[in-house]
Amino acid sequence: MNARTIYIVDDNPEFLESTQFWLTGAGFEVQTWGDPAEAIEALARRDRNRSACLMLDVRMPQLSGLDVHDALIKRDAQLPVIYMSGHADVPLAVQAMQKGAVTLLEKPFDDEMLEAALESAFSAAGAGTHAATLQAKAAAEVPTEEDAAAGARYRQREASLTPREREVLSYVIQGIYNKNIADRIGLSIKTVELYRARGMAKMQVRSVAELTRIMVTHQV
């Protein structure tokens, strides 16, 4: 049985080195690229029988992660994609989910969230089948019973937010910093931090990327 392979495309060499070291130590085979164009060519020629997923940085100077994903889809070389970003926002998350991404992770990674994302990416029998299934589901937009239950939980959590917590979180998912939020709504930074922490606790999320993801999933 082939070892599970993780492909990583990111323009930050230090990030590539440290992430490859961590994942290799966890038992994965890892291949990295700093040049997205080179990655596209290599991934288009990869062994399709190998169980694999792609960790893809969204914001790169030459080609964005979204562009790389599009190129792989056009070449019928798609595989499960875990998007990575140091700055997640709603438009970005919407595009990632529309392309059938497994998830969007915020850097630096939470170990448990990364492990869960990788497990999800490798859960299907075939990597290509998994990506195609996700894309078909997104295109069809037919909710399942599980989707309905998740939506009900989301609405229950959202209903527990105070108006001010909801307002602060709406700025947070746009990538606006606490200081700028404080200036916009006329509160101290400490007060904004308090509303932000309370809101995220009520929504049961641990990162801005996770908050953005669930809001996009259930509102878009």
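The values are calculated or read from the model by the stated rules, or taken from the named source; none is laboratory data. As the structure is a prediction and not an experimental result, all values here were calculated from the model. Glycine also receives a Cβ, built like all others from the backbone with ideal geometry; neighbour counts cover every protein chain displayed. SASA here: full protein model, heavy atoms, side chains in, ligands and nucleic acids out. Shrake-Rupley method; radii C 1.70, N 1.55, O 1.52, S 1.80 Å.
For residue 195, the solvent-accessible surface computed with a 1.4 Å probe is close to 60 Å², ligands and nucleic acids excluded. Remark: the range 165-175, residue by residue, has Karplus-estimated 3J(HN,Hα) of 4, 5, 5, 4, 5, 5, 6, 4, 6, 8, x Hz, where x stands for each Gly or Pro and the curve is 6.51 cos²θ - 1.76 cosθ + 1.60 at θ = phi - 60°. Using C-alpha pairs below 8 Å separated by at least 6 residues, the relative contact order for the chain is 17 percent. Compute the long axis of helix 145-159 from its Cα atoms, compare it with the longest principal axis of the Cα atoms of the chain, and write down the angle in degrees, 0 to 90, nearest 10. Helix 145-159 sits at roughly 30 degrees to that axis. With helices as the sole contributors, the chain gives -17500 deg cm²/dmol at 222 nm; each DSSP H run of n ≥ 4 counts as -39500 (n - 2.57), and the sum is divided by every residue. Of the accessible area of the chain, computed with a 1.4 Å probe over protein heavy atoms only, carbon and sulfur atoms account for 50 percent.
All other residues whose Cβ lies under 11 angstrom from that of residue 41 are scored, Lys and Arg at +1 and Asp and Glu at -1, for a net of +1.
Spin-label model, residue 37 to residue 162: label points 7 Å out along the Cα-to-beta-carbon direction sit 5.4 nm apart. Within the range 1-23, which residues have the backbone N less than 19 Å from the label spot 7 Å out from residue 59 along Cα→beta-carbon, could you tell me? Only 9-16 pass the distance filter. A full extension of the chain between residue 46 and residue 29 corresponds to an added length of 4.8 nm, given 0.36 nm per residue minus the alpha carbon distance.
Heavy-atom accessible surface of residue 103, to the nearest 10 Å², is about 10 Å², with a 1.4 Å probe and all protein chains retained. Between the range 143-206 and the range 102-116, how many Å separate their Cα centres? Cα centroid to Cα centroid, the span is 20 Å. Restricting the calculation to Cα atoms, the chain yields a radius of gyration followed by a Dmax of 18.3, 59 Å. Net length available on complete extension from residue 189 to residue 119 is 21.4 nm, with 0.36 nm assigned per residue and the Cα-Cα distance removed.
Here the dipole of the chain is about 700 debye; that uses its Cα centre as origin and unit charges on the Cβ of Lys and Arg (positive) and Asp and Glu (negative). A cut-off of 5 Å between modelled amide H atoms, ignoring neighbours fewer than 5 places along the same chain, links residue 52 with 5, 127.
Amide H contacts for residue 30 (H built 1.01 Å from N in the peptide plane; partners 5 or more residues away or on another chain; cut-off under 5 Å): 6.
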